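The values are calculated or read from the model by the stated rules, or taken from the named source; none is laboratory data. A quick note: this is a predicted structure, and the numbers were derived from the prediction, not measured. So basically every Cβ, Gly included, is an ideal-geometry build from the backbone, and we count neighbours across all protein chains shown.
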Amino acid sequence: MGQDGFSILILGAGKATRFKSAYPKLLHPLAGRLMGEYVLRAAVAAGAERVYMIIGHQAEAMRNAFARAGLQFIEQKEQLGTGHALMVARPELESCASGVAVALVGDVPKLQPETLRALVAAHSKERAACTILTMSVENPTGYGRIVRVGGKRVRAIVEEKLATATQKRIREVNTGILCFSRPALLDHLGELSRENIQKEYLLTDLIEIFNRHRLKVAAFQAPAGEAVGINDRAQLAEVGKQIFLSRAIHWMKEGVTLTDPETTYIDEEVVIGPDTVIEPGVSLRGGTRLGSGCRLEPHSTITDSVLEDGVTVRHSCVITNSRVGAGTAVGPFAHLRMGTAIGPEAKIGNFVEVKNSTLGQGSKAQHLAYLGDATVGARTNIGAGTITCNYDGEKKNPTTIGDDVFIGSGNMLVAPVRVGDGSYTAAGSTITQDVPPESLAIERGPQVNKQGWALKRKKLKSMARK
Ligand code: UD1
Ligand code: CA
């Protein structure tokens, strides 16, 4: 620690007025994780000696969402501006040993750790008191403008609301990321005032203050598009799409075919094997892992699940916390959830729901079935419309079905119940007792055909009408 090290203060106390939300901006989901996660991870990965997060609005929820080793929260009870956020952090700034303190707005999720490191390096090289991370944008609306003297030295950052018409045309803007020499910051933080039309302590006013004290202010350019800020939900959607698209491009380069990368939503931690083909509208969430040679038809959502090699997921499936063995086909319109394991070489067909169940090698449940808390062996067929009645109104009960079993169509398997290896159950049966191996179980009333019944009925009806 010391002169060359740096600490980072993430500003996240604001209320997100332009989001018109009950939640702080940093708690909004963005491309599979909370917005605040992005800057937090960038700060840690950049190698900051200390990372602080300024919280205020819904402080408890912010702590719960972001708490981790090495992160220290600082409460800004009243949010009186970005400058005020640093003012409340004074005790931490005083006690921290780093030579440099970086103020980092929380709403810049695309920021990369390398850029933070490069900013600090440029700051040290220039021996500046403050180095602003700037960027050039097509549309500077909403950003603080960088005002230079004769196109050189930075004189001030002027906020949108305070800018003149000429200043508003400046396309070089403040990214909201400012690198300070810690002693200079502590010396002059107290000089900020709220006497402006925003009635806020503006962190950006420190630039004029530093200039007044003849302290060196430098600027460092961020890579294009990297430090965009998110102030409303339209920008949230736009940046979300950019992040998803960059992940899609990454996986295409790794050998995955995406037929429409712009509508394929892959979370950060997902892993995909080569020669897997993913069609439009597929979401791969959480820690999902796909093997190679899989085929995912449109509009499925797969969360925290493992699909081994050569799995086919047909149209519109929902797969959560499940494992699908090699060569298995699922869907269309199937739902696998909560601790399910299928296959290998198994088949789950349309309108089949499987919960907390295993289905062994080569087994099939092809049409309109519910399997809950069931253990099904290998090469077993579950007939269309079969249901495990696993819930007795109080607790969940298990169903155990062996290998090479044929469960007839439309069976009710009232759990707890077992069907032994090699057995058959007749269509339409309600199975309430265990079935021994190699047997046939039939449970249904004998059929009665009342000949001529319909004709008689018709006659009675026509007589009544006369
Ligand atoms: C800020 C900068 C602007 C810059 C832009 C870049 C100021 C005054 N303006 O404007 O120059 O171009 O970022 O995106 O700094 N926050 C607090 N406490 C507060 C107020 C805000 O912690 O009292 C936090 C917010 O939660 C947010 C961050 O500071 O994460 C930035 O606030 P925001 O209102 O988005 O600032 P901008 O108007 O975007
Ligand atoms: Ca902002």
TODO: Taking residue 421 as meeting all but one of (1) in contact with a Pro (Cβ under 7 Å, 6 or more places away or on another chain); (2) of a type in the set (D, E, K, R); (3) outside any loop (DSSP other than H, G, I, E, B), write down the number of the exception.
DONE: (3)
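Quick grid of which residues meet (1) away from ligand 1 (no atom under 16 Å from the Cβ); (2) crowded, with 23+ Cβ neighbours inside 10 Å:
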position	(1), (2)
63	no, no
72	no, no
79	no, no
85	no, yes
97	yes, no
119	no, yes
129	yes, yes
132	no, yes
143	no, yes
TODO: Filter the strands (runs of 3 or more DSSP E) completely within segment 305-362 down to those with at least 2 residues that are within 23 Å of the chain's Cα centre (by Cα).
DONE: 318-320, 322-324, 335-337
Task: Boolean, residue 198 is surrounded by fewer than 20 Cβ atoms within 10 Å (Cβ to Cβ), closer than 30 Å to residue 289 by Cα and within 12 Å of ligand 1 (Cβ to nearest atom) - done: no
Task: Boolean, residue 292 is polar (S, T, N, Q), assigned to a helix (DSSP H, G or I) and either farther than 24 Å from residue 353 by Cβ or modelled with pLDDT under 95 (or both) - done: no
- [ ] Read through the list (1) surrounded by fewer than 18 Cβ atoms within 10 Å (Cβ to Cβ); (2) within 16 Å of ligand 2 (Cβ to nearest atom); (3) part of a loop (DSSP other than H, G, I, E, B), then give the number of the only condition that residue 227 fails.
- [x] (1)
Open item on the list: Return the residues of segment 84-133 that are farther than 20 Å from residue 226 by Cβ and within 16 Å of ligand 2 (Cβ to nearest atom); say none if nothing qualifies.
Closed with: 84, 85, 86
Open item on the list: Can you tell me which condition residue 52 does not meet? The list is (1) within 12 Å of ligand 1 (Cβ to nearest atom); (2) in a loop (DSSP other than H, G, I, E, B); (3) of a type outside the set (D, E, K, R), and all the others hold.
Closed with: (2)
- [ ] Taking only segment 270-287 into account, find how many residues are in contact with a strand residue (DSSP E or B) (Cβ under 9 Å, 6 or more places away or on another chain) and either in contact (Cβ under 8 Å) with a residue 40 or more places away in the chain or assigned to a loop (DSSP other than H, G, I, E, B) (or both).
- [x] 11
Task: Check on residue 269, surrounded by fewer than 21 Cβ atoms within 10 Å (Cβ to Cβ), under 22 Å from the mean Cα position of the chain (by Cα) and within 26 Å of residue 106 (Cα to Cα) - done: yes
Task: Conditions (1) within 16 Å of ligand 2 (Cβ to nearest atom); (2) part of a loop (DSSP other than H, G, I, E, B): number failed by residue 196 - done: (1)
Task: Pairs, first at positive phi and at pLDDT 95 or above in segment 69-98, second buried (at least 16 other Cβ atoms within 10 Å of the Cβ) and assigned to a helix (DSSP H, G or I), C-beta under 8 Å, six or more apart - done: 81/203
- [ ] Among what's in segment 100-114 and is in a loop (DSSP other than H, G, I, E, B) and either more than 12 Å from ligand 1 (Cβ to nearest atom) or under 17 Å from the mean Cα position of the chain (by Cα) (or both), pick the residue that is surrounded by the fewest Cβ atoms within 10 Å (Cβ to Cβ).
- [x] 112
TODO: Quick one: which residue in 166, 204, 175 is assigned to a strand (DSSP E or B) and either in the same structural domain as residue 110 (by TED's automatic domain parsing) or not aromatic (Phe, Trp, Tyr) (or both)?
DONE: 175
- [ ] Would you check if residue 450 is assigned to a loop (DSSP other than H, G, I, E, B) and surrounded by fewer than 17 Cβ atoms within 10 Å (Cβ to Cβ)?
- [x] yes
